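Structure record follows, encoded as C-alpha cells.
The values are calculated or read from the model by the stated rules, or taken from the named source; none is laboratory data. Keep in mind it's a predicted model, so treat the numbers as computed, not measured. With ideal geometry, Cβ positions are generated from the backbone for all residues, glycine too; neighbour counts draw on all protein chains shown. Note: areas computed on protein heavy atoms with side chains; ligands, DNA, RNA excluded. Shrake-Rupley method; radii C 1.70, N 1.55, O 1.52, S 1.80 Å.
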Amino acid sequence: MTDKVAQTHAVDNIAEPFDAVDIIRVKRDKGALSPEQIDWTIDAYTRGAIADEQMAALNMAILLNGMNRTEIARWTAAMIASGERMDFSSLRRPDGGLKYTSDKHSTGGVGDKITLPLAPLVAVFGVAVPQLSGRGLGHTGGTLDKLESIPGWRASLSNEEILAQLQDVGAVICAAGAGLAPADKKLYALRDVTGTVEAIPLIASSIMSKKIAEGTGSLVLDVKVGSGAFMKDEARARELAETMVALGKDAGVNTVALLTNMDTPLGLTAGNAIEVEESVEVLAGGGPDDVVELTVRLAEEMLACAGVTDADPAAALKDGRAMDVWNRMIEAQGGDPRAKLPVARESEVVYAPADGVLVELDALAVGVAAWRLGAGRARKEDAVQAGAGVRMHAKPGALVRAGEPLMTLLTDTPERFARAKEALEHAVVIAPEGSRPAQRLIIDRIA
C-alpha cells in the first residue's frame, strides 16, 4: 500500500463509527455484535467501506462461532434496509376487503417443480401469491429456467406489473427486482467463493431478508433434507427451518416450515420443459403422486397462514380451477400456455441392471446428470437447454425387470451423455422382491 493510499484509507476510517477489524475480532472471539455494529457492517459493506477480504473473514467467523437470535434478526433487518420493500396493501378482494398474500420458498432440490402448480392453486381461493423466484445453479433446478421454456414467457416484471397481475390474476411467478435486499446479492456472491455458504445464520438471513422485503403477509418454507438437498443432515435442516420461522415471526410474517425428503427426486422429471409438462399434468388432475401430495399440503399450509381454513385444494386440481388460473398467469406474462414446449434432439435410455424392487434412486445423482445434460448451469451467466434433462420411468417401491428402461436422458448435445451416465453409475439400488423403501415425503412441520 502506498503512503498516499494508506493516508486516504486512514482518513476514510476516521469518518466511520466502527472499524471492520474490531467487528471481526468480536465474532472471532465468540462475542455478540451490537445492533449498531450490525447495521453499520451491512451498510458499510454494501457501499464499499468494508473490503471483500474483511467481510470474508467476518463470514468465516460467523460460520465457525454462530450468531444468537437477536444478532440474526438484526442482520436480516439490516439487509432488508439496504433496499426497497414491496407493499401489497392496495390489493383488494371483490368485497373491497384486503386481499391476503401468501408465499412459499423452497431451499431447492431435484425435480422440485412444486411452485408451478402451487401458485395458481392457492390463488383459486382468493389469496394472492407473489412468488419471486430464481434460476438454477449446479444440480438444483431454477423455477425461472423452467418457465422460460414456455414460448414468450418473461420473468422480469416491474413492481407495478406485479401488483396489477396479483390484483387481476391472483398469482405471479417472476424474478426478484434488483432493489430487494441488494446487500444480500453482494454478500451471497462473496460467500459462494469463500466457503461460507453453509453458515446457518447467513443462509437464514439471506432467504428471509428477500422474503420479508417482498412484503408477503404469510410464508411457508419447504426445507429440503437429503442427498439432493442443500442440507443433507436432518438436524441442520431443522435448525435452519427453526431459525427462519423465528425470523419471519419476529418480522410480523406468519411463517411455518415443512421438512421434506429430497433423497429421491420429486416426480418423474428433472429438467426444464419436461418439468413444466409434468406440472401441467398435475394442474389437469393427474401427475405423480408425490408432486400432487406436496403441492396440496403446501397449498393447505399457505391458505391456513392466510386465514383460509375451509378450502379444498385437491378438488381445485381435479376440477380445472387451478388450470384456469395457470393459463391466465402465463398469458399475463406474455407466454402461450398452449404452445408446444421445446423437445431435446437426442435421447439415450438407461436400463435396469437386475430384477427386483427399486428401493433407492439418488436425487443428487439424477440432479448432476440433468445438469451435465444441459438442464443446469455451472455459472450464473451460463445458458441452459430447455429440453434437456432426465425422465424417470420408475420410482422407489416399483418392481423392475433387468433390461427395462429406468431413465431416459435428454439433450441437444449427445457428447454430454457419457458424463451424465457416469453420474448415474451408483444412483440406483435394486433389492429382492418384497423389499420396501423406507421414505417419508413430509418429515415434520415446524411452526
| query | Points 7 angstrom from Cα along the Cβ direction at GLU16 and ASN68: gap in nanometres? | reply | 2.5 nm
| What accessible area, in Å² to the nearest ten, does a 1.4 Å probe give for TYR100? | 110 Å²
| said: If I stretch the segment between GLU84 and ASP336 completely, what's the gain in nm (0.36 nm per residue apart, minus their alpha carbon distance), one decimal? | reply: 87.5 nm
| message | List the pairs from LYS146/LYS224; LYS185/LYS224; LYS232/LYS318; LYS104/LYS186; LYS30/LYS104 whose alpha-carbon separation is above 26 Å, in the order I gave them. | response | LYS232/LYS318; LYS30/LYS104
| Per residue accessible area of segment 337-390, 1.4 Å probe, in Å² | 50 Å²
| request: Provide the gained length on full extension for the span ASP412 to ARG345, in nm with one decimal, where the gain is 0.36 nm per separating residue minus the Cα-Cα distance. | output: 23.6 nm
| task | First select every other residue whose beta carbon is under 10 angstrom from the beta carbon of PHE88; then total the charges, Lys and Arg +1, Asp and Glu -1. | result | -1
| Residues of segment 368-398 with amide N under 19 Å of the 7 Å Cα→Cβ point at GLU433 | 394-398
| Per-pair calculated FRET efficiency, R0 = 56 Å: ALA383 and LYS249 via Cβ, rounded to 0.05 | 0.90
| field | the chain - percent relative contact order, Cα under 8 Å, separation 6 or more | value | 18 percent
| Assigning unit charges at the beta carbon (Lys, Arg +1; Asp, Glu -1) and nothing else, what dipole magnitude in debye, to the nearest 20, does the chain show about its Cα centre? | 60 debye
| said: Quick check: Cα centre of segment 282-334 to Cα centre of segment 78-149, how many Å? | reply: 13 Å
| field | Rounded percent of accessible protein surface that carbon and sulfur make up, the chain, 1.4 Å probe | value | 51 percent
| Helix-only CD estimate at 222 nm, as mean residue ellipticity for the chain, using -39500 (n - 2.57) per DSSP H run (n ≥ 4) | -13000 deg cm²/dmol
| query | Hey, quick one: spin label on ASN159, modelled 7 Å out along Cα-Cβ, who in segment 176-211 has an amide N within reach, i.e. under 12 Å? | reply | 177-181
| message | Below 14 angstrom from the Cβ of PRO437, what's the summed charge of the other residues (Lys, Arg +1; Asp, Glu -1)? | response | -3
| note | Rounded to whole Å², per residue accessible area for segment 233-315 with a 1.4 Å probe reads 33 Å²
| field | Neighbourhood net charge (11 Å Cβ-Cβ; Lys/Arg +1, Asp/Glu -1) for GLU161 | value | -1
| task | Round to the nearest 0.05 the FRET efficiency obtained for GLU239 and ASP29 when R0 = 22 Å and r is the Cβ-Cβ distance. | result | 0.45
| query | Can you pull the Rg over Rh of the chain, Cα-only, Kirkwood? | reply | 1.00
| Cα long-axis angle, helix 273-283 against the chain (0 to 90 degrees, to the nearest 10) | 80 degrees
